[in-house]
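Student: After the structure tokens below, expect a handful of questions from me.
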Amino acid sequence: MMANNRAEQHHCDVNLKGKRCVLTGTTSGVGWEAAKTLAAHQASIVMINRNQEKSEKACEIIRSTYHVECDYLIADFTNLEEVHKAADYLNHSDWQIDILINNAGMYCTRKTYTKDHLETVFCVDHLASFILTYKLMEKLKKNPSSRIIQVNSQGHRFNGLNISDLNWDKRYYTGLRGYGASKTAQLLTVWEFADLLKGSGVTINAMHPGGVKSAIGENNGPLYRWYKHHFVTKFLADPSISGQALHYLAAAPELSEVSGQYFNLTLVEKPSPHALDREIGKEIWSISKKIAGLL
Ligand SMILES: NC(=O)c1ccc[n+]([C@@H]2O[C@H](COP(=O)([O-])OP(=O)(O)OC[C@H]3O[C@@H](n4cnc5c(N)ncnc54)[C@H](OP(=O)(O)O)[C@@H]3O)[C@@H](O)[C@H]2O)c1
């Protein structure tokens with residue numbers, strides 16, 4: 001992990017004209033950089049965001065700067081009904097989807113719940129991406145060279161996933177452990193999706209987008225924000241590196257058959273052992289399906 005942080009990254013210059021990319025969470029940070037980089041390589045963009053005004057503005061910039069098609073859907077990922085609706089809309093649309101990038105995510109220092117009484121970070125960072133991937137799989141299979149990328153995090157190494165206490169009723173919640181749990185759950189399901197998609201031509205991989213400047217954590221209190229702005233930010237890179245890495249993972253010809261891997265930006269890396277436990281993976285898969293109403 002440390003060696004990869006210093007290693008030279010891969011790059012590619014593949015043009016994506018004629019390809020359509022669906023990305024979540026494109027109103028700032030990693031997602032915005034990815035949308036711009038993919039559009040700069042001529043991909044059509046479909047954004048899924050929760051904020052209409054920011055989405056309108058982002059689409060306008062993409063259209064006027066890169067002269068590609070750009071559309072958006074609105075869904076708040078704390079509301080799983082809205083996530084289902086976005087997936088259904090995409091499934092019924094005429095759009096061919098070539099690339100799905102599940103990027104939207106958040107970090108909370110305190111335990112909070114969604115209206116359905118799900119721990120919020122687990123819902124936004126794991127369940128929403130799980131539903132979109134699960135429901136769009138068949139559509140993606142119609143185009144047997146499509147790619148799915150889950151924007152995960154080295155934060156999965158903080159762990160915290162306990163499948164008998166997903167809502168943190170029995171344990172003390174901390175931001176790092178809650179974030180680690182949701183990213184671990186997402187990673188564990190990537191290996192399951194990869195198995196399911198074997199032979200279909202569709203690939204799925206997870207990636208850490210680098211430690212980059214973004215709006216993550218700005219939803220937290222003044223103390224956390226002060227710490228972030230005065231200390232953490234100094235050590236963070238420009239988010240353009242995340243955009244470039246996502247373009248590489250979405251487009252590089254040498255990755256056309258690579259699936260079920262975890263990348264640190266563009267370099268394959270071994271996740272933490274707890275994120276490789278296939279038994280727990282199968283359990284979190286079934287639980288996620290059940291909570292998400294995908295049975
Ligand atoms: N930045 C890093 O160093 C870093 C490191 C490791 C992993 N990551 C991962 O990278 C991804 C992007 O994070 P970022 O750092 O770019 O953060 P960011 O700047 O805060 O961007 C997060 C995006 O997700 C959207 N989002 C948040 N909550 C949502 C919800 N309830 N429903 C729908 N959309 C929602 C945000 O929309 P709004 O604009 O409406 O808030 C925004 O577009 C996350 O999965 C994060 O875990 C980031």
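The values are calculated or read from the model by the stated rules, or taken from the named source; none is laboratory data. What you see is a predicted model; the values in this text were computed from it and never measured. Here the Cβ positions follow ideal geometry from the backbone for every residue, glycine too, while neighbour counts run over all protein chains shown. Accessible surface is based on the protein model in full, side chains and every heavy atom, while ligands, DNA and RNA are left aside. Shrake-Rupley method; radii C 1.70, N 1.55, O 1.52, S 1.80 Å.
Student: Is there any pair linking a residue in segment 206-221 that is over 15 Å from Ser153 (Cα atoms) to one that is in a loop (DSSP other than H, G, I, E, B), with Cβ under 6 Å and at least six apart or on different chains, and which?
Tutor: Ala215/Ser28; Asn220/Thr109
Student: Restricting attention to segment 185-201, does a residue exist that is among the polar types (S, T, N, Q) and either at pLDDT below 95 or more than 19 Å from Leu127 (Cα to Cα) (or both)?
Tutor: yes
Student: Something else: I'd like the full set of residues that are within 13 Å of the ligand (Cβ to nearest atom), in a helix (DSSP H, G or I) and either surrounded by fewer than 20 Cβ atoms within 10 Å (Cβ to Cβ) or of a type in the set (A, V, I, L, M) (or both), limited to segment 39-59.
Tutor: Correct list: Gln52, Glu53, Lys54, Glu56, Lys57, Ala58.
Student: Return yes or no: is Thr174 away from the ligand (no atom under 12 Å from the Cβ) and either without any contact (Cβ under 8 Å) to a residue 40 or more places away in the chain or more than 24 Å from Lys54 (Cα to Cα) (or both)?
Tutor: So Thr174 fits the description; yes.
Student: Restrict the check to segment 199-213 and report whether at least one residue is open to solvent by less than 40 Å² (accessible area, probe 1.4 Å), of a type outside the set (A, V, I, L, M) and assigned to a helix (DSSP H, G or I).
Tutor: no
Student: Considering segment 99-117 alone, what residues qualify as being within 21 Å of Arg20 (Cβ to Cβ) and out of contact with any Leu (no Cβ under 8 Å at 6 or more places or on another chain)?
Tutor: Ala104 - this is the single residue of segment 99-117 that is within 21 Å of Arg20 (Cβ to Cβ) and out of contact with any Leu (no Cβ under 8 Å at 6 or more places or on another chain).
Student: Could you check segment 6-38 and list, in sequence order, the residues that are part of a loop (DSSP other than H, G, I, E, B), over 21 Å from Gln96 (Cβ atoms) and near the ligand (Cβ under 7 Å from one of its atoms)?
Tutor: Within segment 6-38, Gly25, Thr27, Ser28 qualify.
Student: Quick check on my filter: what residues within segment 109-119 are at negative phi and open to solvent by 10 Å² or more (accessible area, probe 1.4 Å)?
Tutor: The answer is Thr109, Arg110, Lys111, Thr112, Tyr113, Thr114, Lys115, Asp116, Leu118.
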